[in-house]
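Okay, so here's the structure we're looking at.
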Amino acid sequence: MLAAIAHVLGGDVKLSSLNSRAALPGQGAQALHADWSGPVPEGAYLVCNSIWLLDPFTEENGATRVVPGSHRTGTVPSEAMPEPSAQHPQEVQLLAPAGTVVVFNSHTWHGGTRNNSDAPRRALHSYFCRRGQPQQLDQRGYIRPETRARLSDAARYLLDV
Ligand SMILES: O=C(O)CCC(=O)C(=O)O
C-alpha cells in the first residue's frame, strides 16, 4: 500500500490522518469531491488516500463512487458540476470484498453513496500527504512521549513525529 501511495506522491509521503467511516442504513450519500480544497495541475498531486474495507462494498450498501481520470482534469466537482451530489456519467462504484484495500489519488473525484441495506457499511481511511503539507491530524501534537518512544524510526518518519 505504501508503495502505491508513494508512487502517486513521488516518494514524498507522511500520514495525514487515519479515521473510520460507517455509512449507516439510509445514509452515507456524499457529493462528489476531491480531498483537497481546489484543483492542482496534472502530476502535482499532494494527497493520496486508501480505503480499507471492513465490510464488503456492494451496489446496495453505499460503496464509494469514483470518476476515473478526474484527477487529471485540473478542476473539482464544486467548480465543474452544477450539482456535485448528482450522478456523474463516468462514475463507477468500488465493489469489492471485505479485506480489500483501495488506493486512490485523492484529487480523483469521489464520494460515498447511500447505504440502501440494513447494516452499516464500515471502512477505514488511511490518508497521506506530501511531507511539506500540514497533516489533517497534527500527529506531533497528539502523540504521547511514551508512545513515540516505542515507535521504530520508520514509523516516526511516516507519522512525522
Ligand atoms: O466512505 C466513503 O465511501 C468515502 C468517504 C469520503 O470520501 C469522505 O468522507 O471524504
With labels modelled as points extended 7 Å from the Cα through the Cβ direction, what inter-label distance (nm, one decimal) is found for Leu137 paired with Ala22?
1.7
Pick from Ala23, Ala86, Ala31 the residue whose mean-square fluctuation is largest in a GNM of the chain, springs joining Cα atoms under 10 Å.
Ala86
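If I take every Cα pair under 8 Å that is 6 or more residues apart in the chain, average their sequence separation and divide by the length, what percent do I get for the relative contact order?
Details: 346 pairs, mean separation 65.5, N = 161.
Relative contact order for the chain comes out at 41 percent.
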Magnitude of the Cβ-charge dipole of the chain, K/R +1 and D/E -1, about the Cα centre, nearest 20 debye?
560
Among Leu124, Leu137, Leu54: highest mean-square fluctuation, GNM of the chain, C-alpha pairs under 10 Å
Leu137
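Against the empirical 2.2 N^0.38 Å scaling, what ratio does the C-alpha Rg of the chain come to?
Numbers: Rg = 16.4 Å, N = 161, 2.2 N^0.38 = 15.2 Å.
Rounded to two decimals, the normalised Rg is 1.08.
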Leaving out ligands, DNA and RNA, what percent of the accessible area of the chain is carbon and sulfur, probe 1.4 Å?
54
Which one of Tyr142, His71, Ala96 has its Cα pushed farthest toward the positive end of the charge dipole of the chain, where Lys and Arg give +1 and Asp and Glu give -1 at the Cβ?
Tyr142
So how far apart, in nm, are the two label points at Arg156 and Val101 if each is 7 Å from Cα heading toward Cβ?
2.3
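The values are calculated or read from the model by the stated rules, or taken from the named source; none is laboratory data. The shown structure was predicted, so the numbers you read here are calculated from the model rather than taken from an experiment. Because the Cβ atoms are built from the backbone with ideal geometry, glycine has one as well, and the counts that use them run over all protein chains shown. The area values use the complete protein model at the heavy-atom level, side chains included, leaving out ligands, DNA and RNA. Shrake-Rupley method; radii C 1.70, N 1.55, O 1.52, S 1.80 Å.
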